[in-house]
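The values are calculated or read from the model by the stated rules, or taken from the named source; none is laboratory data. Because the structure is a prediction, the values reported are computed rather than measured. Cβ placement follows ideal geometry from the backbone for every residue including glycine, while neighbour counts extend to all protein chains displayed. Accessible surface areas use protein heavy atoms only, side chains included; no ligands, DNA or RNA. Shrake-Rupley method; radii C 1.70, N 1.55, O 1.52, S 1.80 Å.
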Amino acid sequence: MMRISLRLTLVLLLAGASPALAQDAGTLDKKALPPLEHPDAPTTPAKELFGRETKPVPLAARSIGGYAKGCLAGAVALPINGSTWQVMRLSRNRNWGHPRLIAFLERLAQSAKKVGWNGLLVGDLSQPRGGPMLTGHASHQVGLDADIWLSPMPDRTLSTEEREFMSATNMVADNRLDVDPKVWTHTRTELIRTAAEDPNVERIFVNAAIKKALCREAGKDRGWLSKVRPWWGHDYHFHVRIYCPADSPTCEPQPPPGPEDGCGHELDHWFTEAALHPPPSTEVGKPRSFMTMANLPPACRQVLMAP
């Protein structure tokens, strides 16, 4: 049991992610955030600063720091419409990433057609300058993470209203022990396999029930499964993370995945009562601490302050 707990703690540190609220509705009435009263105060949360930046910094592309403690220079936007993808929740302005991530998504959108997936509905990538977000994620800070919905793109361009308010389909059964057979299809396994087999992909996070389905449906070729890790909150989408690019020497990579496919006893914990129904946090009622600029790499201040 201690070994499982240590392993889970390590995964938490590496994932750097709380359950992303991917299905939270957006808005049709996007308003600029008010100026901060003391933006230079050392106690100002970094998310309040990065969350107010609406444009990327015009520097060479670099992912700086760790997936859950960093920022992004030279971000580029994934176009909101492509022949094989559409971006969701446009009001969040989180369709920015390192050029390597954008290239990966465009490539995956094309490859997905070959396994019968109509096109990608793309959720959050990063903010224009990366960094901590005001809502939803602890990771997605260096432009190398992307959420991809497990609902296929329809054969039409979605309206702005649909992109803000429609939800993907929950893939997990009500008892949380497996996928819902009424909605899960093998094509989704092939989509995730296609993403995992891309050499640029470092990790993929899915709900444990989805991991169970992938283990069951993978067949004999199982090498890609080692990249796919169970994590809370990924009932409607999967989270792809690519490797640190060569142009980003201060990007902090994760240790490479082991050779195991992750389908053995290590998966059992995710279906225990403690994992399915964790007790309320003992931190409730305590003041929350937020990451400040002092917690981020020094270069992130330059990214933030650049015109």
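Some observations on this one:
- Column: log10 I(q)/I(0), Debye, Cα scatterers of the chain, q = 0.07, 0.08, 0.09 Å⁻¹: -0.26, -0.34, -0.44
- Prolate/oblate/rounded label for region 148-268 (Cα gyration tensor, a/c 1.5): oblate
- C-alpha long axis of helix 99-113 to longest principal axis of the chain, angle in °: 30 degrees
- Signed unit charges on C-beta, dipole axis of region 27-71, positive-most listed residue Ala41, Thr27, Ala61: Ala61
- Using the 1.4 Å probe convention, the accessible area of region 202-307 works out to 53 Å² per residue with neighbouring protein chains retained.
- For the set Asp247, Asp29, solvent exposure ranked by accessible area (probe 1.4 Å, protein chains only) runs largest to smallest as Asp29, Asp247.
- Note on region 216-255: the C-alpha convex hull projects to 4.5 nm² when averaged across all orientations.
- From most to least packed by mean Cβ count within 10 Å, the peptides 139-148, 53-62, 192-201 give 139-148, 192-201, 53-62.
- Helical contribution to [θ] at 222 nm, DSSP H n ≥ 4, -39,500 (n - 2.57), averaged over the chain, rounded to 500: -6500 deg cm²/dmol
- Based on C-alpha pairs under 8 angstrom that are at least 6 apart in sequence, the chain has a relative contact order of 22 percent.
- Accessible area of region 193-297 belonging to carbon and sulfur atoms, whole % at 1.4 Å probe: 58 percent
- Summed over all non-identical Cα pairs, the Kirkwood treatment of region 192-241 gives a radius of 10.8 Å.
- Dipole-positive endmost among Ala208, Gln141, Gly123 within the chain (Cβ charges, Cα centre): Gln141
- Solvent exposure, largest accessible area first (probe 1.4 Å, DNA, RNA and ligands not counted), of His237, His38: His38, His237
- Mean separation of Cα contacts under 8 Å, 6 or more apart, over the residue count of region 161-307: relative contact order %: 21 percent
- Subset of Lys114/Lys182; Lys47/Lys69; Lys113/Lys212; Lys30/Lys55 violating a 18 Å alpha-carbon distance limit: Lys114/Lys182; Lys113/Lys212
- As a fraction of the 1.4 Å probe accessible area of region 51-180, surface on carbon and sulfur atoms comes out at 53 percent.
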